[in-house]
1. Give the residues of the range 1-15 that are polar (S, T, N, Q) and not in a helix (DSSP H, G or I), sorted by residue number.
2. State which residue is nearest to residue 65 (Cα to Cα) when the search covers only the range 16-34 and only residues that are part of a helix (DSSP H, G or I) and not hydrophobic (A, V, I, L, M, F, W, C).
3. So the check is Cβ under 7 Å with 6+ separation or different chains; which pairs have a first residue in the range 49-67 that's under 12 Å from residue 7 (Cβ atoms) and a second one that's of a type in the set (S, T, N, Q)?
4. Among the residues of the range 8-45, write down those that are surrounded by 13 or more Cβ atoms within 10 Å (Cβ to Cβ) and without any contact (Cβ under 8 Å) to a residue 12 or more places away in the chain.
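Read-outs throughout are calculated quantities, based only on the coordinates presented, and are distinct from any laboratory measurement. What you are looking at is a predicted structure, and each value in this text was computed from that prediction instead of being measured. Cβ sites come from the backbone with ideal geometry, for glycine too, and all protein chains shown count toward neighbours.
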Amino acid sequence: MPNIDRISTDPEILGGKPVISGTRISVELILTRLSEGRSVADILTEYPHLTRDQVMAAIDYARAAVARRSYEAAE
């Protein structure tokens, strides 16, 4: 999962929420925008300093987190 390295956590940034590295844009914010019906292109327009790879990294990170929790719950 090469994109996940674009996501970081730091207790000093947004209380340790996962963010796109080098920004204060959280994975949660990206997912919220997508759930509101915005496209990746819309997000890139709204946050022009982000790249498509960074937005996809947020999606990859969330998918991996859900997969990990599903696996843990099945044990």
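1. Let us first name the residues in the range 1-15 that are polar (S, T, N, Q), namely 3, 8-9.
8, 9 - these are the residues of the range 1-15 that are polar (S, T, N, Q) and not in a helix (DSSP H, G or I).
2. Of the residues in the range 16-34, the ones part of a helix (DSSP H, G or I) are 16, 27-34.
Filter again for not hydrophobic (A, V, I, L, M, F, W, C), leaving 16, 28, 32-33.
Numbers: 16: 15, 28: 12, 32: 16, 33: 18 Å.
This residue is 28.
3. Going by the 7 Å Cβ cut-off, the qualifying pairs are 53/3; 56/3; 57/3; 60/3.
4. The answer is 9, 13, 17, 28, 29, 38, 42, 44.
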